[in-house]
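The values are calculated or read from the model by the stated rules, or taken from the named source; none is laboratory data. Note that the coordinates shown come from a computational prediction; the quantities given were computed from them, not determined experimentally. No Cβ is skipped: glycine too gets one built from the backbone with ideal geometry, and neighbour counts run over all protein chains shown. In case anyone asks, the SASA skips ligands and DNA or RNA and just uses the protein heavy atoms, side chains included. Shrake-Rupley method; radii C 1.70, N 1.55, O 1.52, S 1.80 Å.
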Amino acid sequence: MGNFCESETRLLKRWSNFQLPNRFLKIGWAIIIGTFLLMIAKKFVDEPSWVKPLLRNIMILGFLMVSISREKIEDEFVASLRAISYRLAIVIGVLYALVQPYVTYAVELLLDPDSAKVDDGYFQVLLYILLVQILFFNVLKRSYK
């Protein structure tokens, strides 16, 4: 059992340090800008219903590439800044996802009280992100002791 846990911990540590090479930073930005321009262009043409979600997903992949690409000089300071930025992004993202449906509800209530409802579609994503973070934190905490 000990060997299995050690193997899993090594794998987890290797994945936690995963980064794309620096050239993917430019590729990611190109994908983001290209997708954004396509989203603007599609406003002027009639497209199938699957195009909008596909373009959104491609844009998210571009942002992910930018997020996990190495800097030209990737030192401890940059790694620390990256960890702080991820921590802040998760906290602010969770708070935004919790508050935003109620703001939307309040606006809908003012404009059309009959159709106003609170959307809780964010619940699964937030729960998954927070459970995975807590799981990895506890596994890593045990492995570094």
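Worth a mention:
- Positive-end ranking of 93, 105, 29 along the dipole of the chain, with charges on Cβ about the Cα centre, is headed by 29.
- Computed from phi, the 3J(HN,Hα) profile of segment 41-49 under the Karplus parametrisation 6.51, -1.76, 1.60 (θ = phi - 60°) reads 5, 5, 5, 9, 10, 8, 10, x, 5 Hz, with x in place of Gly and Pro.
- Whole-Hz couplings from phi, Karplus 6.51/-1.76/1.60, listed for segment 63-69; x for Gly and Pro: 5, 4, 4, 4, 5, 9, 7
- Electrostatic dipole magnitude of segment 73-145 [Cβ: Lys, Arg +1; Asp, Glu -1; Cα centre; debye, to 20]: 600
- Accessible heavy-atom area order of 122, 86, 96, highest first, probe of 1.4 Å: 96, 86, 122
- Annotation for segment 1-71: GluC sites (Glu not before Pro) lying in DSSP loop with at most 15 further Cβ atoms inside 10 Å of their Cβ are 71.
- For segment 32-120, relative contact order (Cα pairs under 8 Å, six or more residues apart, normalised by length) works out to 19 percent.
- Tilt relative to the chain, helix 123-143 - C-alpha long axis, 0 to 90 degrees, to 10: 10
- Amide H contacts of residue 69: 20, each under 5 Å away and 5 or more positions distant or on a separate chain (H built 1.01 Å from N in the peptide plane; Pro and chain starts excluded).
- Nitroxide proxy distance, nm - points 7 Å out along Cα→Cβ at residue 11 and residue 95: 3.7
- Where labels lie 7 Å past Cα in the beta-carbon direction, separation of residue 74 and residue 105 in nm: 4.3
- In straight-distance terms, cross-link reach from residue 117 covers every one of the aspartates and glutamates whose alpha-carbon lies under 17 Å from its own, apart from those fewer than eight places away in the same chain; here that gives 108.
- When the Gaussian network model of the chain links Cα atoms closer than 10 Å, the mean-square fluctuations of 51, 91, 66 top out at 51.
- Top of 69, 49, 80 by mean-square fluctuation, Gaussian network on the chain, Cα under 10 Å: 49
- Using a Gaussian network model of the chain in which every pair of alpha carbons under 10 angstrom is joined by a spring, one finds that among 72, 117, 26 the greatest mean-square fluctuation is at 117.
- Residue 139 accessible area, 1.4 Å probe, all protein chains in place, Å² to nearest 10: 40
- Selection of chymotrypsin sites (Phe, Trp or Tyr not before Pro), segment 18-50, meeting DSSP coil and at most 13 other Cβ within 10 Å: 18, 50
- Candidate lysines - alpha carbon under 21 Å from residue 13, same-chain residues fewer than 8 apart omitted: 141, 145
- Assuming charge only on the beta carbon of Lys and Arg (+1) and of Asp and Glu (-1), the dipole of the chain about its Cα centre is about 740 debye to the nearest 20.
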